[in-house]
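*Asks:* Handing you a structure now.
Only the coordinates and a few stated rules stand behind these numbers; no lab work does. Since the structure is predicted, the reported quantities are computational estimates derived from the model, not experimental observations. Glycine also receives a Cβ, built like all others from the backbone with ideal geometry; neighbour counts cover every protein chain displayed.
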Amino acid sequence: MIYFASVFVTVVFILLDKNPAFIFFNLTTLPILIFGLAQNFRKNQDMLMPLALVATTFSFFGDFLMLMDVERSLFKTLGICTFVAAQTSYGLLYIHSMRMGNRLAPISLSQRLPEIIIGIVLIGYTYHILRQTNELFTPSLIYAIFADTVFLLALSRRFYVSKKSFISVFSGAFLFIMSASLTAIDFYSTNLLLYASTIVLYSMAHFLVTNGILIQIQDNVAKNSYQTSIFR
């Protein structure tokens with residue numbers, strides 16, 4: 001609830017064009033999520049948790065760099081590079097998530113058809129969005145390659161985790177694509193309504209991915225507890 005309250009206040013200050021207040025609340029939103037993850041890690045030291053913490057922390061630093069109001073093109077580029085590191089961490093998180101999954105049977109090419117179709121659609125969509133990035137084209141292209149790959153990894157989790165965990169993470173990964181697209185359309189935040197929409201999508205993306213990973217961790221704990229009880 002505190003997380004969503006912070007997001008709501010951030011959006012309100014964006015729409016009111018109160019920049020100092022917006023910056024403060026925007027930079028407190030992800031630390032709330034990071035604190036929650038750290039508390040969960042203290043209770044259950046699952047190997048997925050550190051990667052989730054690293055990804056969210058990189059995202060926070062990316063937010064900070066994107067907010068810098070001097071040498072804006074330089075700091076936007078540094079921010080995008082930091083988001084690349086965040087997406088790389090998410091990619092590793094999804095790979096480890098699949099390794100910890102339950103599937104044993106091989107996956108056929110026909111079962112991978114959604115990845116192939118969505119991959120082709122993403123290429124076309126990414127090309128259309130990148131045409132609007134101007135001087136930030138190169139870092140945006142690098143980010144897009146990583147983000148699209150991570151999105152396909154999120155889709156591949158459907159074979160390995162519960163439906164609830166998959167839907168939450170996949171929805172979050174989709175919202176990351178959408179928020180990045182809105183950012184690319186208006187890198188310098190000239191449209192306040194568009195900027196507010198980006199913040200909402202981006203914040204929801206973080207929450208949904210984190211929630212989906214926590215669901216998988218809870219499922220793993222429940223499964224291990226059940227197996228332990230059988231062999232007692």
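*Asks:* Kindly provide the set of residues from the stretch 131-141 that are crowded, with 16+ Cβ neighbours inside 10 Å and part of a helix (DSSP H, G or I), ordered by number.
*Replies:* The initial filter retains those residues of the stretch 131-141 that are crowded, with 16+ Cβ neighbours inside 10 Å, namely 133, 136, 139-140.
If the condition is that a residue be crowded, with 16+ Cβ neighbours inside 10 Å and part of a helix (DSSP H, G or I), then 136, 139, 140 are the ones that fit.
*Asks:* Return the pair list, or none, for Cβ contacts closer than 8 Å from residues in the stretch 21-32 that are free of Cβ contacts under 8 Å to residues at least 60 places away in the same chain to residues that are polar (S, T, N, Q), at least 6 apart or on different chains.
*Replies:* 22/10; 25/6; 25/10; 28/6; 32/6
*Asks:* Which of the numbered conditions does residue 101 fail, given that it passes all the others? Conditions: (1) part of a helix (DSSP H, G or I); (2) surrounded by 18 or more Cβ atoms within 10 Å (Cβ to Cβ).
*Replies:* Tallying (1) part of a helix (DSSP H, G or I); (2) surrounded by 18 or more Cβ atoms within 10 Å (Cβ to Cβ), residue 101 fails exactly one: (1).
*Asks:* Identify the residue in the stretch 181-203 that is without any contact (Cβ under 8 Å) to a residue 60 or more places away in the chain and of a type outside the set (Ser, Thr, Tyr) and, among all such residues, is surrounded by the most Cβ atoms within 10 Å (Cβ to Cβ).
*Replies:* Applying the filter and picking the extreme gives 184.
*Asks:* A follow-up question, please. Answer yes or no: is there a residue in the stretch 145-153 that is within 18 Å of the chain's Cα centre (by Cα), of a type in the set (Phe, Trp, Tyr) and in a helix (DSSP H, G or I). Talk me through it step by step, then tell me what you get.
*Replies:* Initially, the stretch 145-153 is screened for residues within 18 Å of the chain's Cα centre (by Cα), giving 145-153.
Among the residues that remain, those that are also of a type in the set (Phe, Trp, Tyr) are: 146, 151.
If we keep only those that are in a helix (DSSP H, G or I) as well, we get 146, 151.
Checked against the condition, which is being within 18 Å of the chain's Cα centre (by Cα), of a type in the set (Phe, Trp, Tyr) and in a helix (DSSP H, G or I), the stretch 145-153 yields at least one hit.
*Asks:* Let me ask another. Could you check the stretch 52-84 and list, in sequence order, the residues that are touching a Phe, Trp or Tyr at 6+ places or on another chain (Cβ under 8 Å), among the aliphatic types (A, V, I, L, M) and within 26 Å of residue 99 (Cβ to Cβ)?
*Replies:* 53, 55, 84
*Asks:* Might you check whether a residue that is in contact with a helix residue (DSSP H, G or I) (Cβ under 7 Å, 6 or more places away or on another chain) and part of a loop (DSSP other than H, G, I, E, B) occurs anywhere in the stretch 189-211?
*Replies:* The answer is yes, given that some residue of the stretch 189-211 is in contact with a helix residue (DSSP H, G or I) (Cβ under 7 Å, 6 or more places away or on another chain) and part of a loop (DSSP other than H, G, I, E, B).
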